[in-house]
1. Quick test of the membrane-span-like rule: which DSSP H helices of the chain reach at least 18 Å along their long axis (C-alpha atoms) with mean Kyte hydropathy at least 0.0?
2. Taking 0.36 nm per residue of sequence separation and subtracting the Cα-Cα distance, how much length would be gained by fully extending the chain between residue 276 and residue 29, in nm to one decimal?
3. In which sequence would 132, 55, 125 go, from the one with the fewest C-beta neighbours within 10 Å to the one with the most?
4. Could you give the nm distance between label points at residue 370 and residue 310, where each point is 7 Å from its Cα heading toward the beta carbon?
5. Find, among the GluC sites (Glu not before Pro) in the range 318-406, those assigned to loop by DSSP (not H, G, I, E, B) with at most 14 other beta-carbon atoms within 10 angstrom.
6. Would you please put 242-253, 279-290, 192-203 in order of how densely packed they are, using the mean number of other Cβ atoms within 10 angstrom per residue and starting with the highest?
7. Please sort 297-305, 389-397 by packing, taking for each peptide the average over its residues of neighbouring beta carbons within 10 angstrom, highest first.
8. Setting aside same-chain residues fewer than 8 positions from residue 233, which lysines have a Cα under 25 Å from its Cα?
Amino acid sequence: MTDVTQVTQGLTLLGATGSIGASTLDVVARHPGRFRVFALTAHRSADALLALCLKHAPRYAVLSGLPEDAALRRRYAEAGCRSELLFGAQALEQVAADPECDVLMAAIVGAAGLAPTLAGARAGKRLLLANKEALVMAGPFFMRAVREHGATLLPIDSEHNAVFQCLPQEAAQSSGRASVAAVRRIMLTASGGPFRSAPLERLSRVTPDEACAHPNWAMGRKISVDSATMMNKGLEVIEARLLFEVPAERIEVLIHAQSIIHSLVEYVDGSVIAQLSNPDMRVPIAHALGFPERIDSGATPLDLAAIGQLSFERPDAQRFPCLGLAYAALREGGTAPAVLNAANEVAVAAFLEGRLRYTAIPQVIEQALARTPASAADSLDTVLEADRGARRAAADAAALLMGKAA
Ligand SMILES: NC(=O)c1ccc[n+]([C@@H]2O[C@H](COP(=O)([O-])OP(=O)(O)OC[C@H]3O[C@@H](n4cnc5c(N)ncnc54)[C@H](OP(=O)(O)O)[C@@H]3O)[C@@H](O)[C@H]2O)c1
């Protein structure tokens, strides 16, 4: 039953046609009085966006990767869509910062999400962050914008959402960020992906479809490859450093193949607090949408007796070189994480298109990091310049490696 005293919150969902977008709309549809879908965005998936508009009737629909298209506008209207259709990347910032948007779900994949997510931070929104690449790129600069404009940042990555839940609630509720003085260690769990125990010599021949066949999570293709290489965990280590202000040496990665424990926080007294659930992104999404209340996510209740056993192991540095590269970029600081992220995006795209071997992904990133000197990441321009430079260096490195492989 809907609480009639509750204020309905306007939701802008960046990346509505993606995997996080679908999970978010599923949770939102379970709470009709609580949320009103204000804007939905996609890059080029016009048909998928139209279907979502017919179901959720947002005020705005954005196709950020397409130019103004009158025929498409007519097609939306003829199909019965009453949303106003906007085109181009600038419209993302518009719907993120609009006064009618109370909650901004940042679920675009990759660096393209930075500008609208930052626009939401600058407009002081309640910011639900799935798009980890935006935070990794812009780092302290992004966090400063959150603080200075009074935005509330709630992590959607299941690991960071778990850490957030394991940190002291009074600190978490007061600012959306938490005090960590008594924290000895944060342990981010990782499934190890589809190649956790594959013979190392097979890795140079694995295909994009094999890399995207994650054992526990159904996700977009880019993050699936990142999970296979464990660059996803590397990006998450950087994200945790920024969100929780714990030094890199106190953030550890633990392989936990079942993806039931989403992360753990150890305190100085030796207590370890963990958050558990079935691997279903609707759990962290519902937590952040409802926070500080708890709302139904639709996830199946956890049955530990049926699961029987949980296992843990340390990551193998030889199998997962991307993790070491991420720690190195974090230690270097400044624009190094932006370079790491951009080079990874280039390498993963080349792998997904069948142009680069899986094992060349870390080589491309390492070369881009070596060729792109880090500078202070103190403005959007500096970060975007580092991103562009790293993409050029990574494309050159990839071309060279492809030539060698031919
Ligand atoms: N999936 C998960 O379980 C999961 C878990 C934790 C964190 N995350 C993070 O959440 C983000 C989204 O992941 P996902 O798995 O949902 O990705 P996804 O399924 O690939 O969806 C990506 C979404 O972003 C849009 N998009 C793609 N390129 C864009 C661009 N250049 N400009 C604007 N929009 C663009 C896509 O629109 P089109 O459909 O038009 O291409 C789509 O709506 C990523 O940062 C990922 O790391 C995901």
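Read the figures in this text as sums done on the coordinates, not as results from a lab. Computed from a predicted structure; not experimentally measured. Please note: Cβ atoms are built from the backbone with ideal geometry, for glycine as well, and neighbour counts cover all protein chains shown.
1. On the way: long enough: 132-148 (21 Å, 0.30); 231-244 (19 Å, 0.52); 336-352 (24 Å, 1.38); 380-405 (37 Å, 0.18).
In the chain, the long hydrophobic H runs are 132-148, 231-244, 336-352, 380-405.
2. On the way: separation 247, 0.36 × 247 = 88.92 nm, distance 2.41 nm.
That works out to 86.5 nm of additional length.
3. Values: 132 28, 55 12, 125 25.
The order, fewest Cβ neighbours first, is 55, 125, 132.
4. With each label point 7 Å from Cα toward Cβ, the separation is 4.1 nm.
5. Numbers: sites: 332, 345, 353, 366, 385; in loops: 353.
For GluC sites (Glu not before Pro) across the range 318-406 that sit outside H, G, I, E and B with at most 14 neighbouring Cβ atoms in 10 Å, the list reads 353.
6. Details: 242-253: 17.8, 279-290: 23.2, 192-203: 15.3.
Ranked by mean Cβ neighbours within 10 Å, highest first: 279-290, 242-253, 192-203.
7. Numbers: 297-305: 11.8, 389-397: 20.2.
Order by mean packing, descending: 389-397, 297-305.
8. 132, 222
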